[in-house]
Amino acid sequence: MKKFLSLLLTLLTFTAISASAQATLKFEKTTHDFGTFEESQAQTVVFKFTNTGDSPLVIHQAFSSCGCTVANYTKEPVRPGDSGEVRVTYNGRGKFPGKFKKSVTIRSNATNNLARIYIQGDMTANTKK
(Lines give C-alpha, C1' and ligand atoms only; values in the text may rest on other atoms or scores of the structure.)
Protein backbone atom coordinates (compact mmCIF):
# COMPACT_ATOMS: atom_id res chain seq x y z
CA MET A 1 0.00 0.00 0.00
CA LYS A 2 2.87 2.40 0.80
CA LYS A 3 4.42 1.75 -2.59
CA PHE A 4 1.11 2.46 -4.31
CA LEU A 5 0.64 5.74 -2.44
CA SER A 6 4.22 6.73 -3.14
CA LEU A 7 3.78 5.98 -6.85
CA LEU A 8 0.49 7.91 -6.92
CA LEU A 9 2.06 10.91 -5.19
CA THR A 10 4.99 10.87 -7.64
CA LEU A 11 2.60 10.70 -10.59
CA LEU A 12 0.50 13.60 -9.28
CA THR A 13 3.62 15.69 -8.64
CA PHE A 14 4.91 15.04 -12.17
CA THR A 15 1.51 15.96 -13.64
CA ALA A 16 1.38 19.20 -11.64
CA ILE A 17 4.89 20.19 -12.71
CA SER A 18 4.28 19.46 -16.39
CA ALA A 19 0.98 21.37 -16.34
CA SER A 20 2.47 24.46 -14.71
CA ALA A 21 2.48 27.74 -16.61
CA GLN A 22 5.51 28.52 -18.73
CA ALA A 23 6.61 31.25 -21.10
CA THR A 24 7.39 30.55 -24.77
CA LEU A 25 9.64 32.76 -26.90
CA LYS A 26 8.56 33.10 -30.56
CA PHE A 27 10.48 35.37 -32.95
CA GLU A 28 8.81 36.87 -36.06
CA LYS A 29 12.03 36.09 -37.93
CA THR A 30 15.35 34.61 -36.85
CA THR A 31 17.67 35.81 -39.65
CA HIS A 32 18.31 39.23 -41.16
CA ASP A 33 20.46 40.00 -44.21
CA PHE A 34 21.90 43.53 -44.29
CA GLY A 35 22.96 43.11 -47.91
CA THR A 36 26.05 45.03 -49.04
CA PHE A 37 27.24 48.04 -47.05
CA GLU A 38 30.46 49.95 -46.37
CA GLU A 39 32.66 49.37 -43.35
CA SER A 40 31.94 52.87 -42.00
CA GLN A 41 28.19 52.18 -41.80
CA ALA A 42 27.15 50.34 -38.62
CA GLN A 43 24.02 48.28 -39.24
CA THR A 44 21.11 47.73 -36.82
CA VAL A 45 18.09 45.45 -36.97
CA VAL A 46 15.25 44.84 -34.51
CA PHE A 47 14.07 41.27 -34.00
CA LYS A 48 10.54 41.28 -32.58
CA PHE A 49 9.27 38.42 -30.45
CA THR A 50 6.05 37.42 -28.70
CA ASN A 51 5.51 35.49 -25.50
CA THR A 52 3.13 32.77 -26.72
CA GLY A 53 3.19 30.98 -23.37
CA ASP A 54 1.02 31.49 -20.31
CA SER A 55 3.45 33.04 -17.81
CA PRO A 56 5.74 36.11 -17.95
CA LEU A 57 8.85 35.81 -20.12
CA VAL A 58 12.15 37.15 -18.78
CA ILE A 59 15.26 37.41 -20.94
CA HIS A 60 18.30 36.83 -18.76
CA GLN A 61 21.03 37.43 -21.31
CA ALA A 62 21.68 38.09 -25.00
CA PHE A 63 25.25 37.60 -26.17
CA SER A 64 26.87 37.60 -29.58
CA SER A 65 29.45 35.42 -31.24
CA CYS A 66 31.94 38.31 -31.51
CA GLY A 67 32.70 41.78 -30.19
CA CYS A 68 31.58 43.49 -33.41
CA THR A 69 27.95 42.57 -32.67
CA VAL A 70 26.02 44.05 -29.73
CA ALA A 71 22.54 42.98 -28.61
CA ASN A 72 20.14 45.00 -26.45
CA TYR A 73 16.84 43.50 -25.36
CA THR A 74 13.61 44.16 -23.50
CA LYS A 75 14.60 44.09 -19.83
CA GLU A 76 11.20 43.97 -18.12
CA PRO A 77 9.10 40.77 -18.04
CA VAL A 78 6.96 40.24 -21.15
CA ARG A 79 3.43 39.15 -20.22
CA PRO A 80 1.69 36.34 -22.11
CA GLY A 81 0.54 37.59 -25.52
CA ASP A 82 2.74 40.70 -25.34
CA SER A 83 5.78 41.47 -27.47
CA GLY A 84 9.35 42.59 -26.92
CA GLU A 85 12.44 43.10 -29.01
CA VAL A 86 16.10 42.31 -29.39
CA ARG A 87 18.02 45.12 -31.13
CA VAL A 88 21.23 43.90 -32.79
CA THR A 89 23.94 46.25 -34.06
CA TYR A 90 26.86 45.16 -36.23
CA ASN A 91 29.90 47.44 -36.39
CA GLY A 92 32.61 46.01 -38.64
CA ARG A 93 34.90 49.02 -38.51
CA GLY A 94 38.48 47.76 -38.48
CA LYS A 95 37.45 44.21 -39.41
CA PHE A 96 38.19 42.42 -42.66
CA PRO A 97 35.71 43.23 -45.45
CA GLY A 98 33.65 40.42 -46.91
CA LYS A 99 30.68 38.24 -46.20
CA PHE A 100 29.81 37.48 -42.59
CA LYS A 101 27.24 35.60 -40.53
CA LYS A 102 26.99 36.24 -36.79
CA SER A 103 24.76 34.71 -34.15
CA VAL A 104 23.15 36.14 -31.02
CA THR A 105 22.14 33.68 -28.32
CA ILE A 106 19.21 34.57 -26.06
CA ARG A 107 18.86 32.95 -22.61
CA SER A 108 15.45 33.20 -20.97
CA ASN A 109 13.02 31.45 -18.64
CA ALA A 110 11.00 30.19 -21.62
CA THR A 111 10.40 26.54 -22.46
CA ASN A 112 12.86 27.13 -25.30
CA ASN A 113 15.33 28.74 -22.87
CA LEU A 114 18.08 29.08 -25.50
CA ALA A 115 17.21 30.72 -28.81
CA ARG A 116 19.47 32.00 -31.59
CA ILE A 117 19.01 34.78 -34.08
CA TYR A 118 21.37 35.54 -36.95
CA ILE A 119 22.62 38.52 -38.93
CA GLN A 120 24.53 38.35 -42.17
CA GLY A 121 25.74 40.62 -44.91
CA ASP A 122 28.59 41.64 -47.14
CA MET A 123 30.76 44.46 -45.77
CA THR A 124 32.93 46.31 -48.28
CA ALA A 125 35.96 48.49 -47.59
CA ASN A 126 35.36 52.23 -47.32
CA THR A 127 35.37 53.96 -50.71
CA LYS A 128 35.98 57.38 -49.13
CA LYS A 129 39.37 57.72 -47.49
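The values are calculated or read from the model by the stated rules, or taken from the named source; none is laboratory data. Owing to the predicted nature of the structure, the values given are computational and were not obtained by experimental measurement. Glycine gets a Cβ as well: all are built from the backbone with ideal geometry, and neighbour counts include every protein chain shown.
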Check your understanding: What is the one condition in (1) of a type in the set (Gly, Ala, Ser); (2) at pLDDT below 95; (3) within 19 Å of residue 22 (Cα to Cα) that residue 84 does not satisfy?
Key -> (2)
Study note, to complete from the structure: Flagged in the range 30-68 as charged (D, E, K, R) and free of Cβ contacts under 8 Å to residues at least 40 places away in the same chain, in numbering order, are 48, 54
Check your understanding: Which of the residues spanning the range 75-107 are in a strand (DSSP E or B) and of a type in the set (S, T, N, Q)?
Key -> 83, 89, 103, 105
Review point. Which of the residues belonging to the range 118-129 are surrounded by 12 or more Cβ atoms within 10 Å (Cβ to Cβ), among the hydroxyl-bearing types (Ser, Thr, Tyr) and over 12 Å from the mean Cα position of the chain (by Cα)?
Key: 124
**Study point:** Qualifying position, being assigned to a loop (DSSP other than H, G, I, E, B), at negative phi, modelled with pLDDT of 95 or more and surrounded by 16 or more Cβ atoms within 10 Å (Cβ to Cβ), among 110, 115, 71
**Key:** 110
Review point. Looking only at residues in the range 87-107 that are surrounded by 14 or more Cβ atoms within 10 Å (Cβ to Cβ) and basic (Lys, Arg), which one is farthest from residue 43 (Cα to Cα)?
Key: 107
